[in-house]
Amino acid sequence: MICASEQAVIIEEPIFDQVKKKMIANGCYFVNKDEAAKLTAGAINTEKCAVNPAIVGQSAVSIAKLCGIEVPAGTKILVAEIEGVGTKFPLSAEKLSPVLACYKVKTAAEGIERAAEVVAFGGMGHSSVIHSTNEEVIGKFVTHWGCSWVLYR
């Protein structure tokens, strides 16, 4: 995986359940709280808040097995719903693997702020992506912080 791979998904509350269903239908596995703890322990060096090199470039199924989590054979991405960004939330770190942090936010403005927090924690200059049809939201997103690349759809 390269730095251009998505590390987190930020979803507005009104469409959260719909997006989650689509993600599941496309091979995402949302870990429960116990599994999130196992995933954190196996995927992240919590002392350094850095990725465990053993998971880099591995499949979601391989990572789950390494972490002691049973997932369906076709799982493409492991997703953990978390509440914040930073050292208290190790899965908010860059993971370089098919593991996503997932955030539920109330508004687009809150989502833009959360995205800025994720980028600042992961390292300024990284890439970001927004999936939106709202030109005003896209405009605010792309001008909000110092990403090297911003993609939008």
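The values are calculated or read from the model by the stated rules, or taken from the named source; none is laboratory data. It should be emphasised that the depicted structure is a prediction, and the values quoted were computed from it without experimental measurement. Note: ideal-geometry Cβ built from the backbone for every residue, glycine included; neighbour counts use all protein chains shown.
Remarks
- Test: residue in the range 63-73 that is closer than 13 Å to residue 39 by Cβ and either aromatic (Phe, Trp, Tyr) or modelled with pLDDT under 95 (or both): no
- Qualifying positions in the range 96-133 - part of a loop (DSSP other than H, G, I, E, B) and touching a helix residue (DSSP H, G or I) at 6+ places or on another chain (Cβ under 6 Å): 97, 98, 106, 126, 132
- Residue list for the range 77-92, filter: without any contact (Cβ under 8 Å) to a residue 60 or more places away in the chain and not acidic (Asp, Glu): 77, 78, 80, 82, 84, 85, 86, 87, 88, 89, 90, 91
- Those residues of the range 80-95 which are in a strand (DSSP E or B) and surrounded by fewer than 17 Cβ atoms within 10 Å (Cβ to Cβ), in sequence order: 86
- Annotation for the range 97-115: at least one member residue is crowded, with 19+ Cβ neighbours inside 10 Å, more than 27 Å from residue 138 (Cβ to Cβ) and at pLDDT below 95.
- Filter result (farther than 27 Å from residue 88 by Cβ and either modelled with pLDDT of 75 or more or in contact with a helix residue (DSSP H, G or I) (Cβ under 8 Å, 6 or more places away or on another chain) (or both)) within the range 141-153: 142, 143, 150, 152
- Conditions (1) at pLDDT 95 or above; (2) more than 16 Å from the chain's Cα centre (by Cα): number failed by residue 28: (2)
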